[in-house]
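Some notes on the structure that comes next.
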Amino acid sequence: MLGTQLAQLRDNDPTGLADADGMVAGFDEALLRGFARVGEEDAAALTALAGAVAGTPLGDRVAEAVGKVTAGPVGQEHLAALAGARAALLGAAHDALLDQFDTALGRDRAPWTPPAGGPVDGSPARAAARSWLHETALAGWRGVDHELLSAVGTPVEAALAEPGSRRLAVLLDGLAAELRAGLPVATMPRVPVRRWADLWSRGVLLAQDGPATTADTARVTGRLLPLGVDVHEHDTAVQVQLHAILEPADGGTPRLVRVAVGAAKVATIGGPAVWRLLSAYPVLLTAIAQRRALTVTDLPSHGADLHWVDGQAQAGEPADPFATARVLLGTATATATPPLDRHPAVIAEPVLLEGYTVRKTDDGLTVDLDGHQLAVTVDRLPAGGPLTPALVAAASSCLGLARWDDGRWLVQPLAVQATVKRRPVEAHNGDWADGVTDPKVAKAEARAGDAVAVLRERAGRLLRR
């Protein structure tokens, strides 16, 4: 990324972005208080939300839903309409920001192609989830109690039993865990209203019955060149997302892709131990840790997301992610985000920054590139890798993800090249995917013991009883 590109990215915020954010914030505050009894302020916020989508196919349904919520009683279908309107506003903001990014960097992006549909697919698990989410919205975050949270077990268990509903199960389980940790919500110094409303809305939409879609829209064969790894860690789950460039075997245009693998976990498992939860993917972990290219054959894909099958991949020659970015990142084609996933918070576009200086400010770190500044976030650096805030501050090259957060663009480092004590150092988030390479950290891990092995052994005992 050049300074001129950075200036264009930072100085041209999309029109109407602040208005959309304000309407979503009004809805989120109403959800905080609950929809069982809606006051004047919340009614005005919901009416504004309905007005924002009045000229769209959602218009009539959302207007009806607002009338029902303000007059009562409110049904599940009305809450689904409100969640859809909120998602539509955030989706429009996502599209405007991504268009701004593509214009600034000159990145090509393929259009989204709807998957083939099938007959309506009903599910008892999703019905149970809709019921729990309905009760939660009526109570509001401040009205949630232990009894309501204990009721989530039934829909989570039912959704886990259906392969197509496991994403919903993980979401419900994670949301309930966060709410439980915050009880009583009324005494929390700061309630994460945007985050919880995001999770609730996504859960409502995932829980809707609709046309069944084909499992795999395409299959890809070619060479996968890793760029960097983003680790998403929660008390109840961990997901490792590899950003890479795919060179198709048929000689087509290289394109940006993602590979995500995950596992359920407990809060006591963290740091380097999370990699051991992903032992079912040895080929992928080896390629990440050793920075190797991967040859993939007939791998299922959904847009930019490749469904990883370890047996259909083979680790190949070393592939320097920085060299890959310098040669291919400027010409690789990106893929449009599916409608349900469009949200400013999910924007994560790979970028390469070089030749900059790092400045420390009261707000954190910023990179200065040709006189233009961009904030750097180190809050998401995983504890299971060697990349630290100190290395980021000492770096002069960075492979990262451009993100939109709290009304500004920033970069999240995935890998850096720095000079420490006059020696060149390179660190990547995924360097410990195949085992810790830092002797001090490895020794500390050995003293602490293998929490994953202990928990697996205890689980085995329970299953044998």
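The values are calculated or read from the model by the stated rules, or taken from the named source; none is laboratory data. Predicted model only: the values in this text are computed from it and were never measured. When we count neighbours, we look across all protein chains shown, and the Cβ atoms used for this are built from the backbone with ideal geometry, even at glycine.
Tell me which residues, restricted to region 279-295, are of a type in the set (A, V, I, L, M) and either under 17 Å from HIS428 (Cβ atoms) or out of contact with any Leu (no Cβ under 9 Å at 6 or more places or on another chain) (or both). Outline the logic, then answer.
Of the residues in region 279-295, the ones of a type in the set (A, V, I, L, M) are 280, 283-285, 287-289, 293-294.
Scanning region 279-295 gives ALA280, LEU284, LEU285, ALA287, ILE288, ALA289, ALA293, LEU294.
Check whether at least one residue in region 368-379 is buried (at least 20 other Cβ atoms within 10 Å of the Cβ), within 24 Å of the chain's Cα centre (by Cα) and assigned to a loop (DSSP other than H, G, I, E, B), and report yes or no.
no
Identify the single condition in (1) surrounded by 16 or more Cβ atoms within 10 Å (Cβ to Cβ); (2) assigned to a strand (DSSP E or B); (3) of a type in the set (Gly, Ala, Ser) that ALA289 does not satisfy, given that it satisfies every other one.
The number of the failed condition is (2).
Residues being outside any helix (DSSP H, G or I), farther than 22 Å from GLY153 by Cβ and either at pLDDT 95 or above or touching a helix residue (DSSP H, G or I) at 6+ places or on another chain (Cβ under 9 Å) (or both): count how many of those fall in region 171-189. Talk me through it step by step, then tell me what you get.
Let us first name the residues in region 171-189 that are outside any helix (DSSP H, G or I), namely 183-184, 188-189.
Subset that is farther than 22 Å from GLY153 by Cβ: 188-189.
Restricting the remaining residues to those that are either at pLDDT 95 or above or touching a helix residue (DSSP H, G or I) at 6+ places or on another chain (Cβ under 9 Å) (or both) gives 188.
Matching residues across region 171-189 total 1.
Quick check: is even one residue across region 58-68 outside any helix (DSSP H, G or I), hydrophobic (A, V, I, L, M, F, W, C) and closer than 17 Å to LEU205 by Cα? If you could, list the steps in order and put the result at the bottom.
Residues of region 58-68 that are outside any helix (DSSP H, G or I), as a first pass: 58.
Pick out the ones that are also hydrophobic (A, V, I, L, M, F, W, C) and you get 58.
Checking the rest, the ones that are also closer than 17 Å to LEU205 by Cα come to 58.
Within region 58-68, one or more residues are outside any helix (DSSP H, G or I), hydrophobic (A, V, I, L, M, F, W, C) and closer than 17 Å to LEU205 by Cα.
Looking only at residues in region 314-359 that are more than 20 Å from GLY407 (Cα to Cα) and among the charged types (D, E, K, R), which one is surrounded by the most Cβ atoms within 10 Å (Cβ to Cβ)? I'd like the intermediate steps shown before the answer.
First, pick out the residues of region 314-359 that are more than 20 Å from GLY407 (Cα to Cα): 314-340, 352-359.
Those still in the list that are among the charged types (D, E, K, R) too: 317, 320, 326, 354, 359.
Values: GLU317: 8, ASP320: 13, ARG326: 13, GLU354: 16, ARG359: 13.
Applying the filter and picking the extreme gives GLU354.
Please list, ordered by first then second residue, the pairs with beta carbon atoms under 8 Å, 6 or more apart or interchain, first in region 54-80 and closer than 18 Å to ARG130 by Cβ and touching a residue at least 24 places away in the same chain (Cβ under 8 Å), second among the hydrophobic types (A, V, I, L, M, F, W, C) and assigned to a loop (DSSP other than H, G, I, E, B).
VAL69/PHE35; VAL69/VAL38; VAL74/PHE35; LEU79/PHE35
Test ARG255 against the criterion of being surrounded by fewer than 20 Cβ atoms within 10 Å (Cβ to Cβ) and of a type in the set (Lys, Arg), and give yes or no.
No.
Please go through (1) under 19 Å from ALA218 (Cα atoms); (2) assigned to a helix (DSSP H, G or I) for ARG276 and return the number of the only condition it doesn't satisfy.
Of the numbered conditions (1) under 19 Å from ALA218 (Cα atoms); (2) assigned to a helix (DSSP H, G or I), the odd one out for ARG276 is (1).
Taking region 3-26, which residues are surrounded by fewer than 18 Cβ atoms within 10 Å (Cβ to Cβ) and either hydroxyl-bearing (Ser, Thr, Tyr) or in contact with a strand residue (DSSP E or B) (Cβ under 7 Å, 6 or more places away or on another chain) (or both)?
Scanning region 3-26 gives GLY3, THR4, ALA7, ARG10, THR15.
Is one or more of the residues making up region 37-52 outside any helix (DSSP H, G or I), in contact with a helix residue (DSSP H, G or I) (Cβ under 7 Å, 6 or more places away or on another chain), at pLDDT 95 or above and more than 18 Å from LEU138 (Cα to Cα)?
The answer is no; no qualifying residue exists.
In region 254-273, which residues are at pLDDT below 95 and not in a strand (DSSP E or B)?
Selection gives LYS265, VAL266, ALA267, THR268, ILE269, GLY270, GLY271, PRO272, ALA273.
Just the residues that are part of a strand (DSSP E or B) and modelled with pLDDT of 95 or more, please, taken from region 77-132.
ARG109
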